[in-house]
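The structure appears right after this line, and notes come after that.
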Amino acid sequence: MITIKDLHASIEGKPILKGLNLTVKAGEIHAIMGPNGAGKSTLASVLAGREEYEITQGDVNFNGVDLLPLSVEERAREGLFLAFQYPVEIPGVSNINFLRTALNEIREHKGEKGISAKDFMSLVREKSALVELDSKLASRSVNEGFSGGEKKRNEIFQMAMLNPILSILDETDSGLDIDALRIVANGVNQLKTDQNATIIITHYQRLLDYIIPDFVHVLYDGKIVKSGGKDLALELEEKGYDWIKNNTPN
Amino acid sequence: MEPVTKATLQVFRKKLSPAKLLLPSSFIDANEKELIEMDFPNSRQEAWKYTRLNRVAKINLESTPSSIIDWSSYLMVKDAYNFVFQNTECIYKSPDLPKGVSIKIGEQIGATDWLSSINEGHVAKLNVAHAQNGCVINISDGVQVDKPIQLIFISDGPKQPNFWRNQLQHGNGAKADIHVGYFSKDAIDSYSNVHWSVFLKENSHLIMTKIQNDGDANYHFSTENISQLKDSNFTLNTLTLDGSFVRNDVLVKVEGENCETHLNGAYIMKENQHVDNHTTVDHIFPNCNSYELYKGVMDDKSTAVFNGKVFVRPNAQKINAFQSNANVLLSNDAAVNSKPELEIYADDVKCSHGSTTGQLDEEAIFYLRSRGISEAAARQLVVAAFMQDVFLKVASNDLKSYIYQQLAVRFDLYLQDKD
């Protein structure tokens, strides 16, 4: 699905990712954990195509396509989805209208016909129920006046609508109370198939009680320094990130 | 050597034809005498501080024969009572009009058809001196016009001068939606000067939406003088979608109680374009509300001026006057000069004004793109969202679609320009 090889990225001349390797296959859920400043959000940003980051080395193969030269929107049309840590409020742009435009651009890219208004609306009803998002929220301006939990549920709702093959959840658990966390996790679990994959970026182990990862990786100082199964997350939670820091040669 | 100052306006007028419209002597008598004493204002004059007329003063205007055009391609909405002017000619007149509506064009207009008129400043005076064509619209008492009346003015050819003069008398209790469109074709250093006098009688309701879509190098000067009698409701939407140089002067005299006045404006400028909106709302009577909302999106080295004046006269108590101007700059070289002016002589009024200038939210654009939407479409969505509260004031849905369609064209072109 995605193969990241020796990825180096910097922002304003400061190296953040320093040789990251990661392979994710269809049907897998990977969790990337790590202390603050390790480069977790940078990885999400670089994969989504944020232009402030400079890729200095390495390559990323996404489903047979060289990902790095693609623009943000081309990546999305190829089936990459980023659930934002801080979803943006866009006053005046309707959630529904923009999603329909996005969905049609993605379908057009795949050589499919645009979705009819009727089919689109029934899709909205089905997918908003999945994350228990009030359909009134779905038709409001993008994230405007949404609570923190509603914003995150809206991210998963969009993910459900666009049906990506690889979803990257960037700190989706941050700021969520336990009920919202359960709803979001439930949505992600229901969307999982053997055709798609998920990368969960998180600081805490908590989310992984609800979404069981196949692999857990520890990102530290721009590299993956330790990989393992779901038990690695528990071990990290118990021993703290100092355990990694103290065992990583500089 | 530069010519001595007084000569400039006279040099500019040299090849202009005298007025072809028959105007009352009360308009003309003093006008020529005053005009001869005048020159183009310079930037020391407050009303022209940020709008330099040097380039206008230097152009050599000369009437050229009009080309053959497909006037129907200029119609902004199809279902309307249409009138199309191309330079000095009226090339299309709606064959039918609803009962109670009369529209006289050019030679049909007699001197007595013109009501009183305010002609201050060189723009309005030039219009009196050189008015070539235009219309006088009368909407009788109680008439509700079923479809928009749509007037299209096309400036055709390089160095082409155009002076159009129009009047609208809106009867007691009448209701209408007027669309006015300004376009240019093959304009290079062309000059349009259009004047409107609008009289709203008691309890009448009027929406005027003005689309300025001069694509080429046309200097466009537009003056609207509006008079509102009691219980009337007036809306003017000024949408400047394209145009290298646009100056709008709007004066609304609220001459009766219980009136409502809405002035809305949107301007979307690029390259070296310049737009200047000067508005004045003069509250002479108590118990009235006025609302003013102007929004702009500025790219490249474009510049905009907003100057909104509100007068509240001593006896005009219980006035609510709100004014807002918001701008988005898409480039570091674009600039906006925004100036609200309130002059309040009554003591029981509520007036507010606000002005903001900022940038397009790049994070919002990234968010939309990350969902698969192209950069052009994302920019257009965010710009349209910013402008939305102005566009929503346009009454006709057909005209709204026209505006959004123009916006789409504009933002696709915008990206191609950059590549």
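The values are calculated or read from the model by the stated rules, or taken from the named source; none is laboratory data. Since this is a predicted model, take the numbers as computed values, not measurements. Neighbour counts run over all protein chains shown; Cβ positions are idealised from the backbone, glycine included. When the accessible area is computed, the model is the full protein with side chains, heavy atoms only, and any ligands, DNA or RNA have been set aside. Shrake-Rupley method; radii C 1.70, N 1.55, O 1.52, S 1.80 Å.
Being farther than 30 Å from B:Gly142 by Cα, touching a Ser or Thr at 6+ places or on another chain (Cβ under 6 Å) and either assigned by TED's automatic domain parsing to the domain that holds B:Gly142 or among the hydrophobic types (A, V, I, L, M, F, W, C) (or both) is a property that B:Lys33 lacks.
From B:Phe183, B:Phe163, grab the single residue that is under 29 Å from B:Ser26 (Cα atoms), crowded, with 20+ Cβ neighbours inside 10 Å and under 18 Å from the mean Cα position of the chain (by Cα). It would help to see each step written out before you state the result.
On the way: B:Phe183 fails: under 29 Å from B:Ser26 (Cα atoms).
After applying the criteria, what remains is B:Phe163.
Kindly evaluate A:Val60 against the criterion of being of a type outside the set (S, T, N, Q) and open to solvent by 10 Å² or more (accessible area, probe 1.4 Å). Considered against the rule, which asks whether it is of a type outside the set (S, T, N, Q) and open to solvent by 10 Å² or more (accessible area, probe 1.4 Å), A:Val60 comes out as no. In summary, A:Tyr204 fulfils each of the numbered conditions (1) open to solvent by less than 60 Å² (accessible area, probe 1.4 Å); (2) at pLDDT below 90 with the single exception of condition (1). The residue list B:Ser227, B:Ser204, B:Ser190, B:Ser197 contains one member that is among the small types (Gly, Ala, Ser) and in contact with a His (Cβ under 7 Å, 6 or more places away or on another chain), which is B:Ser204.
Of the residues making up segment B:201-242, those that are open to solvent by 30 Å² or more (accessible area, probe 1.4 Å), assigned to a loop (DSSP other than H, G, I, E, B) and more than 18 Å from B:Gln160 (Cα to Cα) are B:Lys201, B:Glu202, B:Asn203, B:Leu229, B:Lys230, B:Asp231.
Here's the yes/no breakdown for (1) within 14 Å of another protein chain (Cβ to nearest Cβ); (2) surrounded by 17 or more Cβ atoms within 10 Å (Cβ to Cβ); (3) over 30 Å from A:Glu78 (Cα atoms):
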site: B:Gln323; (1), (2), (3): no, yes, yes
site: B:Asn327; (1), (2), (3): no, yes, yes
site: B:Asp347; (1), (2), (3): no, no, yes
site: B:Lys350; (1), (2), (3): no, no, yes
site: B:Thr357; (1), (2), (3): no, yes, yes
site: B:Val383; (1), (2), (3): yes, yes, no
site: B:Met387; (1), (2), (3): yes, yes, yes
site: B:Val390; (1), (2), (3): yes, yes, yes
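Scanning segment A:68-118 for residues that are without any contact (Cβ under 8 Å) to a residue 60 or more places away in the chain, touching a helix residue (DSSP H, G or I) at 6+ places or on another chain (Cβ under 6 Å) and either of a type outside the set (A, V, I, L, M, F, W, C) or open to solvent by 70 Å² or more (accessible area, probe 1.4 Å) (or both) yields A:Glu73, A:Arg77, A:Gly92, A:Asn95, A:Arg100, A:His109, A:Gly114. Given the structure, is A:Thr3 in a strand (DSSP E or B) and open to solvent by 40 Å² or more (accessible area, probe 1.4 Å)? Spelling it out, A:Thr3 is indeed in a strand (DSSP E or B) and open to solvent by 40 Å² or more (accessible area, probe 1.4 Å).
Taking the criterion of being under 17 Å from A:Ser128 (Cβ atoms), open to solvent by less than 10 Å² (accessible area, probe 1.4 Å) and touching a residue at least 40 places away in the same chain (Cβ under 8 Å), the residues of segment A:162-197 that qualify are A:Val184, A:Gly187.
Name the residues in segment B:315-345 that are at pLDDT 95 or above, over 25 Å from B:Gln273 (Cβ atoms) and not in a strand (DSSP E or B), would you? Of everything in segment B:315-345, those that are at pLDDT 95 or above, over 25 Å from B:Gln273 (Cβ atoms) and not in a strand (DSSP E or B) turn out to be B:Ala316, B:Gln317, B:Lys318, B:Ile319, B:Tyr345.
Tell me which residues, restricted to segment A:23-54, are open to solvent by 10 Å² or more (accessible area, probe 1.4 Å), more than 14 Å from every other protein chain (Cβ to nearest Cβ) and part of a strand (DSSP E or B). If the condition is that a residue be open to solvent by 10 Å² or more (accessible area, probe 1.4 Å), more than 14 Å from every other protein chain (Cβ to nearest Cβ) and part of a strand (DSSP E or B), then A:Thr23, A:Glu54 are the ones that fit.
Of the residues examined, A:Pro87 is not one that is within 14 Å of chain B (Cβ to nearest Cβ) and farther than 30 Å from A:Gly19 by Cα.
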